[in-house]
Amino acid sequence: MKNPNIMPAPHGHPRWGNPLNPKKYNPKSLWAAAERYFAWCDENPWIIKEVIKGGISAGEIVDVPTQRPYSVEALCKFLNISIQTFENYSKKEGYETFFEVCSHIRAVIDNQYFEGGMVGVFNANIVTRKLGLADKKELEGRLQVEQITGIEVK
């Protein structure tokens, strides 16, 4: 028995989807949304509590605005898409028109990490790991062990 108060979603409702354009964004709208995300980050810094260390205000706690780092993860949350969707836009066959804008978005994010790490706004160790810049040295060698026999201990 059907409930007379429940009606199907009208044609064109997001629930129906659009088989002609299943992507939530096109390259132009993706870049525009990324720009809104970058602006939001810049306009909404993290607030860090710091203790004044000297002078007549020593011991007082003050709010210090600090640059909010950009990230692909936070961008995806802002855009209401999954990280996998962004990865698809970035490199999956069928999404070639998105490759350039996704590359540019990553460059903006990586540049902010790099510059923030260089001037000390962001933790340089974390930035180095996030950008894959860590110096790794792989050493290879051979170890030969010989058994010594015939030695008498007195």
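The values are calculated or read from the model by the stated rules, or taken from the named source; none is laboratory data. For clarity, every value in this text was computed on a predicted model and none was experimentally measured. Counting neighbours? That spans all protein chains shown, and the Cβs are built from the backbone with ideal geometry, glycine included. Heads up: the accessible areas ignore ligands, DNA and RNA and are worked out on the full protein's heavy atoms, side chains in. Shrake-Rupley method; radii C 1.70, N 1.55, O 1.52, S 1.80 Å.
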Sole exception among (1) touching a helix residue (DSSP H, G or I) at 6+ places or on another chain (Cβ under 7 Å); (2) part of a loop (DSSP other than H, G, I, E, B); (3) open to solvent by 70 Å² or more (accessible area, probe 1.4 Å) for Glu140, by number: (1)
Go through Ala74, Ala107 for me and flag whichever is open to solvent by less than 90 Å² (accessible area, probe 1.4 Å) and touching a Lys or Arg at 6+ places or on another chain (Cβ under 9 Å). Ala74
Just a yes or no: is a residue in region 46-66 open to solvent by 70 Å² or more (accessible area, probe 1.4 Å) and touching a Gly at 6+ places or on another chain (Cβ under 7 Å)? yes
Given the criteria in a helix (DSSP H, G or I) and of a type in the set (S, T, N, Q), does Thr149 qualify? no
Can you report the number of residues in region 43-69 which are β-branched (Val, Ile, Thr) and more than 20 Å from Gly116 (Cα to Cα)? 5
